Amino acid sequence: MCGIIAAATDRSVGKLLIKGLFKMEYRGYDSAGIAMHSENNVVHLRTLGKVKNLEEKMIADKPKGKVGIAHTRWATHGEPSEINAHPHQSNDRVFIVHNGIIENYLSLKEELTDEGYAFNSKTDSELIAHLLDNFLKAEDSLLSAMQKLKNKLDGAYAVAALDQREPESFVVARNRSPLVIGLGKKENFAASDPLALGNLTSKFLILEDGDVAKISPDLVEIYDAKDKLANREKLTIDINAEASSKGNFKHYMEKEIYEQPQAVLNTLDGRIGGEDVLENIFGEGSSEMFAKVKRIQIIACGTSLHAGRVAANWFSAISGLPTQLDYASEYRYKNPYVDQDTLLVTISQSGETADTLAALRYADDKGYLASLSICNVPTSSLARESDFLLLTNAGPEIGVASTKAFTTQLTALMLLTLSLAKAAGKNPLLRARMINALRLLPEKISEALKLKNDIMDFAPEIANKDNALFLGRGIFYPIAKEGALKLKEISYIHAEAYPAGELKHGPLALIDQEMPVVAIAPEYELAEKLVSNLEEVKARGGALYVFGNAKEKLDLSTGRYISMPECDFLLTPILYSIPLQILSYEVALLRGTDIDQPRNLAKSVTVE
Ligand code: F6R
């Protein structure tokens, strides 16, 4: 889950590669490096820490070059250090950058050690450089060495490589890790994410698994898994520079929180009409397929699975369909039993999460009716490999903690709920009610965003605690889980979520004055029960922070009550996510953490 970028151009390549790395820092930020063909050799620079350290080294050293590769790392094998940073090299001839994991690296390392290669780093990636160097003893080009290499490697990889003896070009290979080629005028590029190339081109070729390509300023030659010359679909992707910049906000996360009214509007755009959801918005034939669905299986990770947990309630209440949910990382290992007419739904912001992709591929021959993905990245593997797709259209999400991706996933999942209900001819009145409520949602979110000052008022009380508990019942329990995840990710405060009724079965033992308890408590059928749960907290001295819309029902002599805007009950999970995001953000700000790039995390988890 690193970012790689490579370029062959006739202008100075260093700045261009560094700019691209900055845009991919969300993929990893523990070390960075660059290798460029220079006069008669290859310049090789690596630094520990973020890309700005590499940039500073480049400014000091002023290396020159027109063809180069670069990398920003999220450590898997070997701690973050300069020696483990990419590019790795072999015999000062071959230089490589790699994103992914080589599963058979121990046996390959043994083979290479027997051949006399010495390893400097603790990574699984270094052996790629040695293998290429070894193949080059018999092969006449880096391209053919890379074609040999791909038959040796098991695992996931996107690789870019330079051979010191081929100064005009670089070579890339892809298997189960994202890699796109960007086409310019007298210059060509490759990167893990089109975002990294946004200021350079809008023309992209998406590589497929098993592809190897040789790239020079004038030529892109792609060979498929069988080493046959291949054409790949040309896509135009206009990456709006504003969408990938922070604007006037302190952090990407802050910007992304405040973008949510527009992001939700974008998810709805062109998908609803009159009093219903439009036909086939998940792809040609989707409405017909929906009519056959009897059950749903959801697979996702982290925040995306929380969105799935909310949707499971909607599928049951509105579409009358039972739902099974699994962590993508667990799904394959439980011998899943597949009932007939089950729709497989994967949810992912990036569409490159390795666990989710592996689950989708595993499920391929298990007899599901079809696979459907809710995804934010049109070029992603998940988007391309699913039978049906709804793009959330949230725009790039760069802050590591997911915010607008979550609320737009929920919006998309409501569209799926309504499409399933429509195909089965169920609940026309409720469907019309939900369509109207969806239309009002962006406005409601804007109102919820105005709670910032109220939240800032008590954020210091939470910022100086070590733990926090989040409570919600029914459809709000996943929102409590999401609130707790957000807080722990960016403020490093330990936070847990419970269905409020579970409190008395154990967690109540944790309650004292040091334990802030955040409760999601809109008025609904379980509200009275929730009030009793909150009383139990109050009686034990816990500090309560309640988000709700019925203050009069709760005698809060201590603690805070945050009055939420009114909205259709079934959409409240979306609305109540907003203040919890703001709360995490404000607490993290007070604690001075690295909000957009929290420690140990990366945005796109492309390793299993
Ligand atoms: C949390 C967060 C993660 C992701 C998870 C799945 O804020 O962002 O929990 O939701 O890693 O990522 P995607 O949605 O890209 O599959």
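Please identify the trypsin sites (Lys or Arg not before Pro) of segment 76-149 that satisfy two criteria: DSSP loop assignment and at most 10 other Cβ atoms within 10 Å. Which are they? Hits after loop and neighbour filter: 137. Lys and Arg at +1, Asp and Glu at -1: add these up for the other residues within a Cβ distance under 12 Å of residue 163 and post the number. Overall, the nearby charge balance is -3.
Shown here for segment 286-386: chymotrypsin sites (Phe, Trp or Tyr not before Pro) in loop regions (DSSP other than H, G, I, E, B) with at most 16 other Cβ atoms within 10 Å, namely 337.
Cα centroid separation, segment 420-465 to segment 335-376: 27 Å.
The simple spin-label model puts a point 7 Å past each Cα toward its Cβ; for residue 269 and residue 439 those points are separated by 1.8 nm. Toward the positive end of the charge dipole of segment 3-135, with +1 on the Cβ of Lys and Arg and -1 on the Cβ of Asp and Glu, the farthest Cα among 48, 81, 60 is that of 60.
For residue 181, neighbours were defined as the other residues whose beta-carbon sits under 13 Å from its Cβ, and their charges (Lys and Arg +1, Asp and Glu -1) total -1.
To the nearest 10 degrees, how steep is helix 105-114 against the longest Cα principal axis of the chain, on a 0 to 90 scale? That helix lies at roughly 20 degrees to the long axis. Only helices enter the 222 nm calculation for the chain: every DSSP H run of n ≥ 4 contributes -39,500 (n - 2.57), and dividing by all residues gives -10500 deg cm²/dmol, rounded to 500. Restricting the GluC sites (Glu not before Pro) of segment 185-257 to loop positions (DSSP other than H, G, I, E, B) with no more than 15 neighbouring Cβ atoms within 10 Å leaves 233, 242. Full extension of the segment from residue 384 to residue 430, taken as 0.36 nm per residue of separation minus the current Cα-Cα distance, would add 13.3 nm. For residue 535 and residue 523, the difference between the fully extended length at 0.36 nm per residue and the C-alpha to C-alpha distance is 2.7 nm. Taking 7 Å steps out from each Cα toward its Cβ at residue 234 and residue 79 produces label points 5.0 nm apart. Note on segment 2-236: with neighbouring protein chains present and a 1.4 Å probe, carbon and sulfur make up 47 percent of its accessible heavy-atom surface.
Accessible area per residue for the chain, computed on protein heavy atoms with a 1.4 Å probe, is 39 Å².
Angle of helix 51-61 to the longest C-alpha principal axis of the chain, folded into 0 to 90 degrees and rounded to 10: 30°. Using C-alpha pairs below 8 Å separated by at least 6 residues, the relative contact order for segment 1-66 is 37 percent.
Considering only beta bridges that DSSP places wholly inside the chain, some 60 percent are antiparallel.
Within the shell defined by Cβ-Cβ distances under 13 Å, the residues around residue 398 carry a net charge of -2, with Lys and Arg each +1 and Asp and Glu each -1.
For segment 108-145 versus segment 50-71, the inter-centroid distance based on Cα atoms is 25 Å.
Relative contact order for the chain: 12 percent, from Cα pairs under 8 Å spaced at least 6 residues apart, divided by residue count. Each of 314, 400, 340 was scored by the projection of its Cα onto the charge dipole of segment 252-591, and the greatest displacement toward the positive side belongs to 340; charges sit on the C-beta of Lys, Arg, Asp and Glu. Once you treat every alpha carbon in the chain as an equal point and sum by Debye, what is log10 I(q)/I(0) at q = 0.06, 0.07, 0.09 Å⁻¹? Values returned for q = 0.06, 0.07, 0.09 Å⁻¹ are -0.34, -0.46, -0.74.
For the listed peptides 388-398, 25-35, a ranking on the average number of other beta carbons within 10 Å per residue, highest first, reads 25-35, 388-398.
The charge dipole of segment 40-155, taken about its Cα centre with unit charges on the Cβ atoms of Lys, Arg (+1), Asp and Glu (-1) only, comes to about 580 debye. Beta bridges assigned by DSSP with both partners in segment 252-591 are antiparallel in approximately 5 percent of cases. For residue 197, the solvent-accessible surface with a 1.4 Å probe is about 0 Å², rounded to the nearest 10.
In a fully extended conformation the segment linking residue 52 and residue 512 would gain 161.2 nm over its present Cα-Cα distance, using 0.36 nm per residue.
Can you give the angle from 0 to 90° between the axis of helix 452-463 and the longest principal axis of the chain, with both taken from C-alpha atoms, to the nearest 10? Result, in degrees: 80. Remark: relative contact order (segment 404-534) = 22 percent; criterion is Cα-Cα distance under 8 angstrom and separation of 6 or more residues.
The values are calculated or read from the model by the stated rules, or taken from the named source; none is laboratory data. Here the structure is a predicted model, which means the values were calculated and not measured. So basically every Cβ, Gly included, is an ideal-geometry build from the backbone, and we count neighbours across all protein chains shown. The accessibility values were calculated without ligands, DNA or RNA, using every heavy atom of the protein model including side chains. Shrake-Rupley method; radii C 1.70, N 1.55, O 1.52, S 1.80 Å.
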